[in-house]
Number of protein chains: 2
Amino acid sequence: MRDSRRITATYYIESDIDPEQAAAQLAGEQSSGTFISVPQESDRIRERHGAEVLHVKRLGEGAPSLPSRSRPERITRAEVTIEFPMENMGPDLATTLTSVAGNLFELSHLFACRLESLTLPEEYIAAHAGPAFGMVGTRELLGGAQDVLVGTIVKPNVGLDENEFRSVVRDLARASIDFIKDDELMTDPAYLPLETRVRIATEEILAAEQITGHPTMYAFNITGDIAGLERRHNLVVEAGGRCVMLTIPVMGLPALEYLRGFAQVPIHGHRGGLAASMRHPGLGIAYGVWQQLARLAGADHVHVSGLGSKFYERDDEVTSNIRSLLTPLGNTLLPAPALSSGQNVFTPELTWKALPTTDLLMLAGGGIAAHPDGPGAGVRSLRQSWAAAVANFPIRDSARESAARGDRALEHAVRAFEVKN
Amino acid sequence: MRDSRRITATYYIESDIDPEQAAAQLAGEQSSGTFISVPQESDRIRERHGAEVLHVKRLGEGAPSLPSRSRPERITRAEVTIEFPMENMGPDLATTLTSVAGNLFELSHLFACRLESLTLPEEYIAAHAGPAFGMVGTRELLGGAQDVLVGTIVKPNVGLDENEFRSVVRDLARASIDFIKDDELMTDPAYLPLETRVRIATEEILAAEQITGHPTMYAFNITGDIAGLERRHNLVVEAGGRCVMLTIPVMGLPALEYLRGFAQVPIHGHRGGLAASMRHPGLGIAYGVWQQLARLAGADHVHVSGLGSKFYERDDEVTSNIRSLLTPLGNTLLPAPALSSGQNVFTPELTWKALPTTDLLMLAGGGIAAHPDGPGAGVRSLRQSWAAAVANFPIRDSARESAARGDRALEHAVRAFEVKN
């Protein structure tokens with residue numbers, strides 16, 4: 001009675017033994033096998049629970065990428081595809097991670113091991129709620145705007161006192177910004193507790209909306225101890241807050257899914273710490289795999305770095321990661337890809353040319369706070385830059401046109417940020 | 001009013017800019033700074049909340065270890081020490097990780113970034129409960145034995161049905177083993193639910209104790225969704241179970257600390273998945289850092305690979321990791337280092353010579369299940385091997401002596417496992 005529901009995982013590996021043999025060892029270790037065959041590993045168990053090697057594609061030889069006990073001079077590189085019976089893990093995320101991305105990174109015959117892609121059966125996906133709001137629900141909460149959502153991070157990351165915080169939020173909310181978030185370093189410090197931030201930010205946002213008519217969503221960072229997670233979420237919701245933020249890699253995917261179980265507002269999913277298990281091309285988990293699991297666990301907004309960013313990934317990699325976020329995953333709602341790091345008026349054109357979509361949440365930190373004419377001009381300049389990008393109209397021409405109409409926000413942004421670009 | 005409580009982190013970095021400058025950038029990004037200085041980053045905030053670069057030690061030049069946007073040909077290697085005001089994160093583990101091991105792995109001027117060590121102030125440590133049982137409490141629950149604790153993993157990892165599972169546990173418990181654990185792949189599958197395992201294992205262990213007089217601790221793997229974590233823990237405790245197991249890296253340190261908040265039995269901390277952020281020497285977090293946080297969060301037993309193992313770390317690295325676990329951390333109880341992977345009668349001598357301590361929990365999978373005379377002989381052979389190692393008596397001489405007394409367990413184990421060693 002072999003389970004027909006299979007989870008398929010593709011790995012890049014390096015090994016000093018034949019790749020077929022290395023793949024078989026990996027499959028065995030991560031399912032019914034052990035290093036030494038034991039009497040109880042019956043044919044029944046192997047047949048029903050054993051992971052199976054589907055493909056092995058040799059990619060050449062070379063020096064090993066990772067340290068090891070044996071330190072061989074040469075290894076063989078390969079791409080291997082392994083099929084796991086879903087019965088072994090059920091739809092549980094933690095067990096799945098343990099199976100497809102657990103001890104296998106330690107195996108001494110592997111000198112690289114990276115989970116490159118993961119295909120989940122329909123039943124697996126259907127067992128998870130996925131985003132409760134996604135891009136579409138976020139737009140609805142923001143009055144239905146169909147453009148790229150423009151947001152920012154409260155800066156400096158840490159250290160603002162109550163009055164300074166109020167003033168930053170006031171300026172941003174009155175600038176008709178769509179979205180504000182806490183920095184990932186800002187959680188619930190004694191000098192500016194979450195409760196205080198929630199009260200102040202909500203007051204300022206509602207007051208600004210009376211003036212501008214434009215709703216603003218604030219993502220309050222409720223990252224912290226799990227015992228207090230629901231309390232912190234409730235504190236946000238009861239005060240009228242519209243979004244909570246979680247730094248997924250430091251909390252764990254199970255914590256995200258736990259939050260999803262009671263969350264009444266969108267979950268803004270930060271990726272701080274993810275690069276520790278993602279940046280080396282021969283180790284850990286590719287972004288495309290991680291985002292699938294973060295979406296199943298319920299992230300409504302998913303951080304993805306940004307084109308032209310100050311982070312390590314190249315623009316083509318960021319583009320491919322954004323594309324992965326916009327690829328359907330069963331019947332789950334599509335999340336909002338959150339672009340961040342180094343975002344300013346020059347990045348919309350880059351982004352649009354790479355991937356023509358406006359289903360994005362763009363977070364510009366310095367790009368708004370450091371605009372010479374203040375955050376109102378910062379927000380306006382970004383919206384104008386996006387409008388120009390979508391119309392395939394050069395940003396400098398657009399800046400000249402707005403300036404001719406008396407609005408110098410884009411012109412000044414171009415001047416302020418062009419040094420960097 | 002600068003906070004005198006400081007968290008000190010030492011990193012290995014590679015950068016295409018001057019290491020002093022790279023360190024300052026890292027310190028800024030992870031505290032009060034942002035890429036572009038913003039008006040609100042006042043002197044007050046920088047003085048009170050800014051992280052500070054304490055030391056920069058250049059280590060030479062070379063090619064970059066990690067991929068990046070800029071792909072420089074040469075980088076400078078350095079060890080840098082940075083001090084963070086504890087006020088920025090409080091004693092919260094998730095916020096601490098975000099600060100000392102968050103976005104910094106992504107920074108495009110860093111071509112390696114690894115958190116090598118972390119020194120926490122007394123107040124930080126004191127804010128965490130640490131292990132409730134540790135090595136000493138585990139020994140008490142096992143009747144006070146002072147030798148190395150001998151344990152094993154139920155094999156095959158997955159797939160046993162109820163009757164097969166009962167038979168495996170029965171044989172092990174009647175072999176007077178100290179400790180049995182679920183494989184990390186075994187959580188709560190429909191074909192052999194946790195509840196069933198708890199019932200069967202507890203029955204068999206209590207029945208065996210009537211015969212042998214020797215208590216056995218079973219670590220039930222309660223890794224899974226967080227909403228069900230307390231229920232699964234309670235299910236173990238109410239049935240008379242003596243230990244729960246959590247795969248820490250896939251669950252997250254906050255989940256471990258959450259479990260610690262209500263756990264009534266020792267927490268066996270598995271490290272499945274950890275190597276994804278640990279194996280590359282230029283990326284992620286060193287074991288010594290991770291184990292500190294896992295101990296603060298409450299792990300009573302902490303997996304540490306094993307000497308002579310089938311995992312990648314060299315024996316000297318494993319020794320240093322065991323030593324880190326046995327180093328005091330404030331007033332917290334010392335955990336039991338859990339040796340696993342490839343453990344058999346040949347590894348006690350290796351281990352004792354590297355680090356003469358019996359404060360260890362040795363998990364031998366094949367080393368017990370694959371003993372030609374069955375698990376009883378497997379357990380006996382391991383105890384005899386440890387006794388010989390501690391007495392500095394060669395294992396083969398010890399095997400001959402026992403054989404002369406009519407006990408061939410060690411002799412047969414030596415023969416069965418020497419091929420591998």
Skipping prolines and chain starts, which residues have an amide H placed within reach, meaning under 5 Å, of the one on A:L59, given they are 5 or more residues away or on another chain? A:R77, A:A78, A:E79
What is the mean number of Cβ atoms from other protein chains located within 10 Å of the Cβ atom of each residue in peptide A:369-375, rounded to a whole number? 2
Calculate one ³J(HN,Hα) per residue across the stretch A:258-272 by plugging θ = phi - 60° into the Karplus curve 6.51 cos²θ - 1.76 cosθ + 1.60, and present them in order as whole Hz with x for glycine and proline. 4, 4, 4, x, 10, 5, 10, 9, x, 9, 8, x, 7, 10, x
If unit charges are put on Cβ atoms (+1 for Lys and Arg, -1 for Asp and Glu) and the dipole of the stretch B:134-420 is taken about its Cα centre, the option from B:A369, B:T327, B:M135 lying farthest towards the positive end turns out to be B:T327
Using unit Cβ charges (K, R positive; D, E negative) and no other charged atoms, how large, in debye to the nearest 20, is the dipole of the protein assembly as shown about its Cα centre? 660
Could you tell me the center-to-center distance, by alpha carbons, between the stretch B:52-123 and the stretch B:300-314 in angstrom? 26
Got a sec to turn the phi values of the stretch B:49-54 into Karplus ³J(HN,Hα) couplings, 6.51 cos²θ - 1.76 cosθ + 1.60 with θ = phi - 60°, whole Hz, x for Gly and Pro? 10, x, 6, 10, 7, 8
Find the accessible area per residue for chain A; the probe is 1.4 Å, ligands and nucleic acids are left out, and the unit is Å². 34
Output ³J(HN,Hα) for the stretch B:369-381: one whole-Hz value per residue in order, computed from phi by the Karplus curve 6.51 cos²θ - 1.76 cosθ + 1.60 with θ = phi - 60°, and x for Gly and Pro. 5, 9, 5, x, 9, x, x, x, 5, x, 4, 4, 5
Put simply, what bits of the stretch B:250-264 lose 30 Å² or more of accessible area when the other protein chains are there, versus the chain on its own (1.4 Å probe)? B:V250, B:M251, B:P254, B:Y258
Using only the alpha carbons of chain A, determine the length spanned along each of the three principal axes and report them from longest to shortest in whole angstroms. 79, 45, 37
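For the A and B pair, go ahead and give the buried accessible area with a 1.4 Å probe, both sides summed, in Å² to 100.
Result for this pair: about 7700 Å² buried.
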List the distances, in nm to one decimal, from the label point of B:R231 to the label points of the same position in every other copy, shortest first, placing each label point 7 Å from Cα along the Cα-to-Cβ direction. 2.4
For A:K57, go 7 angstrom from Cα along the Cα-to-Cβ vector, then report the distances to that same point in the other copies in nm, smallest first. 4.5
Return the long-range amide H neighbours of A:I226 (sequence gap of 5 or more, or a different chain), with a cut-off of under 5 Å between placed amide H atoms. B:Y258
Across peptide A:278-289, what mean number of C-beta atoms from other chains lies inside 10 Å of a residue's C-beta? 5
What does the convex hull of the alpha-carbon atoms of the stretch B:6-126 project to on average, in nm²? 7.5
Taking a label point 7 Å from Cα toward Cβ, how far is A:A126 from its twins in the other copies, in nm, shortest first? 5.6
Among A:K57/B:K155; A:K155/A:K310; A:K310/B:K57, which pairs are too far apart, with a Cα-Cα distance over 20 Å? A:K57/B:K155; A:K310/B:K57
Comparing A:V56, A:V150, A:V318 in a Gaussian network model of chain A (Cα, 10 Å), the one with the largest mean-square fluctuation is A:V56
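What does the structure give for B:162-172 when I average, per residue, the other chain Cβ atoms found within 10 Å of the residue Cβ?
1
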Measuring from the axis that superposes chain B on chain A, report the chain B residue with the minimal C-beta distance, rounded to whole Å. B:G252, 1
State the extension gain, in nm to one decimal, for the chain segment bounded by A:D3 and A:D407, taking 0.36 nm per residue of separation less the distance between their alpha-carbons. 139.0 nm
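The values are calculated or read from the model by the stated rules, or taken from the named source; none is laboratory data. Because the structure is predicted, anything quoted here is derived from the model rather than measured. For neighbour counting, all protein chains shown are included, and Cβ atoms are generated from backbone atoms with ideal geometry for every residue, glycine included. With ligands, DNA and RNA removed, areas are computed over all heavy atoms of the protein, side chains included. Shrake-Rupley method; radii C 1.70, N 1.55, O 1.52, S 1.80 Å.
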